[in-house]
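J.: Dropping the structure in here first, questions after.
Bear in mind that the values in this text are calculations on the coordinates, not laboratory data. Fair warning: this is a prediction, and the values are worked out from it, not measured in the lab. Ideal geometry is used to build each Cβ from the backbone, glycine not excepted, and the neighbour counts take in all protein chains shown.
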Amino acid sequence: MDPECARLLPALCAVLADPRQLVADDTCLEKLLDWFKTVMETECSLHLLQDHPCLMELLSHVLKPQDISPRVLSFVLRLVGIFAAQEDCFQYLQQGELLLGLFGETGALSWAAWNMPSVRSGWIQGLCSLAQHPSALHFLADSGAVDTIFALQGDPSLFVASAASQLLVHILALAMQGGASGSSISEAAAWPVCAQKIVNHVEESLHSKATPQVTQALNVLTTTFGRCHSPWTGALWGRLSPPVACLFERDPIPAVHSLMDLLLSVARSPVLNFAACGLWEMLAQTLSRLSPTQAGPLALGTLKLQHCPQELRTQAFGVLLQPLACILKATTQAPGPPGLLEGTAGSSLTVDALLSSKSAFVGLLCQTLAHLEELQMLPQCPCPWPQVPLLEATVTILRLCDGSANPSSSVGGRLCGTLGGCVRVQRAALDFLGTLSQGTSPLELVLEVFSVLLKTLESPESSPTVLKKTFQATLRWLQNSHKIPNCSDLSPDALLFLGELFPILQKRLCSPCWEVRDSALEFLTHLIRHWGGQADFKEALHSSEVPTLACQLLQDPESYVRASAVGAAGQLSSRGLQATPTSPENPQAQQGLLMDFMHILSTDSEGFPRRAVLRVFTEWLRDGHADVIRDTEWFVATVLQAVSRDLDWEVRMQGLELAQVFLIQAMGRSSLHCPYTVGLPEATSPSPHPEFLQTLCRLPLFEFAFCALLDCDRPVAQKACDLLLFLRDKTTSCSGPQEAGDSPNSASVEAVLQRWREGEQGQPLGDLEPEAMLAILRSLDLEGLQGKLAKSSDHMEKSPQSLLQDMLATVGILEENEADCY
Amino acid sequence: MPEIRVTPLGAGQDVGRSCILVSISGKNVMLDCGMHMGYNDDRRFPDFSYITQSGRLTDFLDCVIISHFHLDHCGALPYFSEMVGYDGPIYMTHPTQAICPILLEDYRKIAVDKKGEANFFTSQMIKDCMKKVVAVHLHQTVQVDDELEIKAYYAGHVLGAAMFQIKVGSESVVYTGDYNMTPDRHLGAAWIDKCRPNLLITESTYATTIRDSKRCRERDFLKKVHETVERGGKVLIPVFALGRAQELCILLETFWERMNLKVPIYFSTGLTEKANHYYKLFITWTNQKIRKTFVQRNMFEFKHIKAFDRAFADNPGPMVVFATPGMLHAGQSLQIFRKWAGNEKNMVIMPGYCVQGTVGHKILSGQRKLEMEGRQVLEVKMQVEYMSFSAHADAKGIMQLVGQAEPESVLLVHGEAKKMEFLRQKIEQEFRVSCYMPANGETVTLPTSPSIPVGISLGLLKREMVQGLLPEAKKPRLLHGTLIMKDSSFRLVSSEQALKELGLAEHQLRFTCRVHLQDTRKEQETALRVYSHLKNTLKDHCVQHLPDGSVTVESILIQAAAHSEDPGTKVLLVSWTYQDEELGSFLTALLKNGLPQAPS
């Protein structure tokens, strides 16, 4: 333990033990426990207790009947647990009867504060920490604590109840870990006392008529099979699977969700022989007995299993497909290709049954669509995947939602009425539709998809969320609609679709909702990034007003939209797709966008657009955008000047990123011209490449980087440090054998830097010679600085000393500023 | 049995972060999604794994409602929607939707700045989260789905803060969020109508406090600032981007104007423009005075408050600077503090709460030697002041709101256990309603007896009125008709209309009873004797003797028949419809007593 902390500890313990003192908030006590845990990872708990008697005093203090606050009681229970996790310290505490006094029946259970959930929670967490060794097991068995834990499983606090279940599993695992071995594993009667007690309790609970008790037992088992993969779990399942199977014979089946979780947890266990233990039969039986809504998660879980019989997989997949099959059956007008589940053993589910409750039906559809979406992306995805009927069903659902379906039957009409305008289903169907783009679909169905997407994009009823999801699905379909492998060109149908899409996009760019304008711009940016280079795409784009509108949105009142517009306009310009096409005769229009961006960078009051501009600028610089390479130096100098005074540290950091790109490029160029860097021995290089370094001074890139090195925002300083290190390493090979301070100018620079360090920023470095810059670069301890900056800027405030000081300083003044918040 | 269940995941007997799960008749709503500023790890967010043990969050939760833009109420939202995976609707007021992302962004930048936290939500996530928001107007009833509706009421506290009524069928819950029952410089007082919810979930920050007038605190604040600048000192006021900062700005601006002061006031990070923009946009949410004077002069267009440049901090002479963040834990406010801390002429005023570990917390707890990075010790000689400007209802205000809404029961959140306990007793005594105060993770279950609204057909109502019985609102009335349940609505109609609507044929159901009489005469004579007896007894009823020998009284039919085995006994068959059940029973009883002796 740190000597300073050791010095502060007695005072803190005294404060904690004093009921008259108000202790700082719960977060302090939590952090204090974190600290003790860290200390005890490296130190012996027993020595710690013996070296700091104040700790033992605090722990024993709680045993005396006093009005100690529940939060301190809870803290002490947890602290004792942490100490007692080491067996020698456990023995020490037990000798002093402290453990029984706290965790026994005469301890915390008898306190008035026991009715506070935080105290019960502390009691459980304390036991959980100490239950690490055989002595702890004996203690738990003898003290009656296990019975209390059983009772706490039904605690009114969710947190306490859940922690109690977890603790039982922890104790069971600990007991079995050292208690049973070899042949005794299969003999439950030979299991350690503690384990037997827990298993008996679980078995009794499974026979209970009260659902909460059954649920508790199932939860304990689920966690056990999820966490413990030793052979004894096989014996456990062998013993408890009959009462679990009995639960299926009850009507209604109790605790369905927990039961399903248990079956899946058992099925995932690597140590059980499922064929022998009848698990597959149990799963099959459950799937057929449950309602579609209940069976959905189980079906998905079953399909995710590694070694599952094909028959069961088919059954599970059938459960998932049922609702969509029903819809398809009810809405198919003429006999066509086989739908979903046709020809398989009949399902009793009908649309009539589904429609009996609207909210249940909507819930089931959303769940089914989400499950299928998840399934399609998994390696365990069923094969063959019924792509065509699934796509048909999804398109039908979307048509039912937007009201464009033309139902011929009365059931179809009822479906229309139920799903019409249902945003929840629409959202889920659009997500799934996007995922379905990964499969191969016949052309007429792809056209059908495009048509429903257009309809949704066009509909005035579509909400901003629905539109966003439609844009996302559209993008995925466009990306996957090409037929030629390894070719990113758009298919002719996709191009036709684009022709219809752009006028709609145009409308959406003028939406009164910023969410819609923004999603439309994001979509446009993606489109250009993918297909901006294609002539057909360009033509379709230029036949619309989309590029002009995108540029107009640079003046949008909403900053998010302005930022997205910057991204879109930047992409347009990169691909030569800007509103007014540039020609060698008319460079002003293009230059106009650059100036617009510069204007945003220096005047926009919000950070997002300024950050977006820098992202675009960096990309332009990297890709050699025509306007940038026309006068790169001017460009970089202007950007750095604007950025250096920006109040948003992320803008300043991106400025450094841009500077770095420039450096790399300039060095590349300079190495081409510099005869000294390549091919010639270093000794013959008389000086750094003067032109390159002059440029850096002129820009002034050095000044910008030095200034950023002292930035009050850590990431900026970190980035500047990395940049200067890079520069120093690169220039070493170019530089001569000069030493720091050689240059006549460097002393003045050092003086300026010193002033900066003292806080007087804003003073320019002045005109500096490259030699002076290099000298400073070499004289700075950049590695040391990098190490310092790697630590979080609040590491001092976060330290244990700081915590202890704060807790002590707060004593007595809490009343003044009490209970204040926002 | 329908019920309301409430489980706080946060704000249950604490003020850390609000997140309350409410379930009303199977609809699940999450109220607020706050973050705890006191933690730097996962503990800062509520444990969302407790929301549902099975299934997806989006399927389980019907919606999320955010009461206002403070981070302890909305700070976990991008984490919840973009990282945990909730994809359903989020409701908040328009100003909250506008301001929320600014504060989230502010916090994100500090978190990433200070710790370089990689596992934190990004700007893009904040934006994507805000796109899921459905903004609501005050007093607008918003239909979340067919059964669930919500309505926002004005809460004061901060710009755009709202209380929400959540209604499923006839059951409703009101959640106050944070509110203020007294108007301040720029906001009005909270108000709700007498909506009589089944449950009122109210904050209880100042459960035991009667707060002094805010005017005194304001006067103190101005006096301290003025004195400092008068003696040439600099004043630093660390604030969060939006909220309390604007209130203090108005305060200083007005004071500077009145006193004709020339000392510069600066506001960092370009937030003045932003605040100006939002306050202009949402002027209807401010108080009456600001709205009234808006035409002549917009209170949020500050004459004396200028944008801050980093270089200004080194300028000589007095000045006042508002800088972010509010707890002096990073960035600009901390940088300025470090520059100015050594001069006793200067002053720092902390206008809000600071969490442990921050420099703000340290100096407020009286620490004057702060260890900074690199073993540097910063000696704080400048004056340190704390001014609470938080705008919560005090005990009186909470009682006032309970009285206003007239709930059937009350549940306290966002407060300390001890103080809640005091207020709980007070509410139970004064209003004679149950008051709950669950801890985090504890569920309160309230059984409700739902009243089911039933529409009545015009025909039936008219028939009632013809009978001279005018409906009275407060008097329960018995009405006969047929209840039709169709498309999840209930209607009471006349039986004829019900038959017509449902396309059913009418069947008449008659009750029958046999009465044995000792009478040796023929059946026709017995019937005649019955007729005479009834004619004499039932003077007000229409008693008829029909040609087929049977006797009728209203709908009641009586026929006499011979006993198959005993010729001295006659059997009277009495039958009646349910409408005449009373009369039928009476007649049967009467006949069972036998007939009067016939005159010989």
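J.: Considering every pair of different Cα atoms, what Kirkwood radius, in Å, is found for the protein assembly as shown?
T.: Details: mean 1/r = 0.0266 Å⁻¹.
Its Kirkwood hydrodynamic radius stands at 37.5 Å.
J.: Which FRET efficiency, nearest 0.05, do A:Leu725 and B:Asn343 yield, Cβ-Cβ r, R0 30 Å?
T.: Details: r = 36 Å, r/R0 = 1.21.
The pair A:Leu725/B:Asn343 has a calculated efficiency of 0.25.
J.: Let me ask something additional. Antiparallel DSSP bridges in chain B: what percent, to the nearest 5? All intermediate terms of the calculation are to be shown ahead of the outcome.
T.: Numbers: 59 of 101 bridges.
So the antiparallel bridges in chain B amount to around 60 percent.
J.: What percent do you get for the relative contact order of segment B:443-579 when only Cα pairs under 8 Å and 6+ apart count? It would help to have the intermediate numbers written out before the result.
T.: Working: 168 pairs, mean separation 28.5, N = 137.
Relative CO of segment B:443-579 lands at 21 percent.
J.: Would you mind ranking B:Val571, A:Val446 so that the residue whose beta carbon has the fewest other beta carbons within 10 Å leads the list? Mind dumping the intermediate values first?
T.: Details: B:Val571 17, A:Val446 20.
Going from sparsest to densest Cβ surroundings: B:Val571, A:Val446.
J.: I'd like to know which of B:Phe511, B:Leu103, B:Met319 lies farthest towards the positive end of the charge dipole of chain B, counting +1 on Cβ of Lys and Arg and -1 on Cβ of Asp and Glu.
T.: So the residue furthest toward the plus end is B:Met319.
J.: Would segment B:111-197 count as rounded, prolate or oblate if I go by the C-alpha gyration tensor, calling it rounded below 1.5 in a/c and otherwise prolate when a/b exceeds b/c, oblate otherwise?
T.: Working: a/c = 2.79, a/b = 1.48, b/c = 1.89.
In terms of gyration-tensor shape, oblate.
J.: Roughly speaking, what is the stretch gain from B:Lys539 to B:Arg196, that is 0.36 nm per residue apart minus the C-alpha to C-alpha distance, in nm to one decimal?
T.: The span from B:Lys539 to B:Arg196 would gain 118.2 nm if fully extended.
J.: Starting from the Cα of B:Gln143, step 7 Å along the direction of its Cβ; do the same at A:Gln801; then give the gap between the two resulting points in nm.
T.: So the two model labels end up 6.5 nm from each other.
J.: Taking a point 7 angstrom from the Cα of A:Ala112 along the C-beta vector, which residues in segment A:63-104 have backbone N less than 17 Å away?
T.: Output list for this probe position: A:63-74.
J.: When only DSSP loop residues count, what trypsin sites (Lys or Arg not before Pro) in segment B:66-137 have their Cβ near at most 16 other Cβ atoms within 10 Å? Before the final figure, lay out each step's value.
T.: Values: sites: B:Arg108, B:Lys109, B:Lys114, B:Lys115, B:Lys127, B:Lys131, B:Lys132; in loops: B:Lys131, B:Lys132.
Passing both the DSSP loop test and the Cβ count: no residue.
J.: I need the calculated FRET efficiency for the pair A:Glu57 and B:Asp41, taking r as the beta carbon distance and R₀ as 30 Å, to the nearest 0.05.
T.: Details: r = 31 Å, r/R0 = 1.02.
Efficiency computed from Cβ-Cβ geometry: 0.45.
J.: Helix B:331-340 versus the longest principal axis of chain B: what angle, 0 to 90°, nearest 10, using Cα atoms?
T.: 40
J.: What dipole magnitude, in Debye to the nearest 20, does segment B:510-593 give about its Cα centre under +1 on Lys/Arg Cβ and -1 on Asp/Glu Cβ? Walk me through the intermediate numbers first.
T.: Working: 9 positive and 11 negative charges, 40 e Å.
Charge dipole, segment B:510-593, about its Cα centre: 200 debye, nearest 20.
J.: Using a Förster distance of 45 angstrom, determine the FRET efficiency expected from the C-beta separation of A:Trp385 and A:Lys209, and round it to 0.05.
T.: On the way: r = 44 Å, r/R0 = 0.98.
Using R0 = 45 Å, I get an efficiency of 0.55.
J.: Over segment A:1-143, what is the mean sequence separation of C-alpha contacts under 8 Å (at least six apart), divided by residue count, expressed as relative contact order in percent?
T.: On the way: 140 pairs, mean separation 36.1, N = 143.
Relative CO of segment A:1-143 lands at 25 percent.
J.: Just how large is the dipole of the protein assembly as shown about the Cα centre, in debye to the nearest 20, putting +1 at every Lys and Arg Cβ and -1 at every Asp and Glu Cβ? Can you show the working numbers first?
T.: Working: 124 positive and 153 negative charges, 569 e Å.
Magnitude of the dipole: close to 2740 debye.
J.: Considering only A:Leu167, B:His480, A:Pro442, whose Cα is most displaced toward the positive end of the charge dipole of the protein assembly as shown, charges sitting on Cβ of Lys, Arg (+1) and Asp, Glu (-1)?
T.: B:His480
J.: Still on this structure: Describe numerically, in nm with one decimal, the distance between label points set 7 Å from Cα along Cα→Cβ at A:Lys507 and at B:His563.
T.: 8.9
J.: Next question. Calculate the dipole size of segment B:214-386 relative to its Cα centre from +1 charges on Lys and Arg beta carbons and -1 charges on Asp and Glu beta carbons; express the result in debye to the nearest 20.
T.: With Lys and Arg at +1 and Asp and Glu at -1, about 420 debye.
J.: Quick one: if you stick a label point 7 Å off each Cα along the C-beta vector at B:Arg217 and B:Gln597, how many nm between them?
T.: 9.9
J.: Further, regarding this structure: Would you tally the net charge around B:Val84, using a Cβ to Cβ cut-off of less than 11 Å, leaving B:Val84 out, and scoring K and R as +1, D and E as -1? Provide the component values of the computation, followed by the final result.
T.: Details: positive: B:Arg56; negative: B:Asp47, B:Glu82, B:Asp87.
The answer is -2.
J.: While we're here: How much length is gained on full extension from A:His229 to A:Asn200, taking 0.36 nm per residue of separation minus their Cα-Cα distance? Mind showing how you got there, number by number?
T.: Details: separation 29, 0.36 × 29 = 10.44 nm, distance 2.03 nm.
Answer, rounded to one decimal: 8.4 nm.
J.: Place a point 7 Å from Cα of B:Ile452 in the direction of its Cβ. Which residues in segment B:130-174 have their backbone N less than 17 Å from it?
T.: Counting only backbone N, you get B:147, B:168-171.
J.: By what distance, in whole Å, do the Cα atoms of segment B:510-593 stretch along each of the three principal axes, largest value first?
T.: 34, 23, 21
J.: Between A:Thr548 and A:Glu249, what length comes free when the chain is fully extended (0.36 nm per residue of separation minus the Cα-Cα distance, one decimal in nm)? Walk me through the numbers before you get to the answer.
T.: Values: separation 299, 0.36 × 299 = 107.64 nm, distance 6.84 nm.
Full-extension gain reported as 100.8 nm.
J.: Shifting gears a bit: Taking the number of other C-beta atoms within 10 Å as the exposure measure, put A:Ser45, A:Ser110 in order starting with the fewest. Kindly include the intermediate steps, with their values, before the conclusion.
T.: Numbers: A:Ser45 22, A:Ser110 10.
Fewest-to-most Cβ neighbours within 10 Å comes out as A:Ser110, A:Ser45.
J.: Which one, A:Ser409, A:Gln367, B:Ser172, projects farthest toward the positive side of the charge dipole computed for the protein assembly as shown from Cβ point charges (K/R +1, D/E -1)?
T.: B:Ser172
J.: Only sites in a loop by DSSP and with at most 13 other Cβ atoms within 10 Å count here; which GluC sites (Glu not before Pro) in segment B:295-375 make the cut? Could the numbers behind the result be given before it?
T.: Values: sites: B:Glu301, B:Glu344, B:Glu371, B:Glu373; in loops: B:Glu301, B:Glu344.
Here the GluC sites (Glu not before Pro) that fit, given the DSSP loop and packing criteria, are B:Glu301, B:Glu344.
J.: What are the trypsin sites (Lys or Arg not before Pro) within segment A:3-37 that DSSP puts in a loop, where the Cβ has at most 10 other Cβ atoms within 10 Å?
T.: Numbers: sites: A:Arg7, A:Arg20, A:Lys31, A:Lys37; in loops: A:Arg20.
Here the sparse-neighbourhood loop sites are A:Arg20.
J.: Under the rule a/c < 1.5 gives rounded, and otherwise a/b versus b/c splits prolate from oblate, where does segment A:1-143 land using the Cα gyration tensor?
T.: Details: a/c = 1.59, a/b = 1.06, b/c = 1.50.
In terms of gyration-tensor shape, oblate.
J.: Oh, and also: Over chain B, what number does the Rg to Rh ratio reach, with both radii from the alpha-carbon atoms and Rh per Kirkwood?
T.: Values: Rg = 37.2 Å, Rh = 29.4 Å.
With Rh from the inverse mean 1/r over Cα pairs, Rg/Rh is 1.26.
J.: What does the charge add up to near B:Val444, with Lys and Arg as +1, Asp and Glu as -1, over the other residues with Cβ less than 11 Å from its Cβ? Can you show the working numbers first?
T.: Details: positive: B:Arg5; negative: B:Glu3, B:Glu442.
With Lys, Arg at +1 and Asp, Glu at -1, the neighbours total -1.
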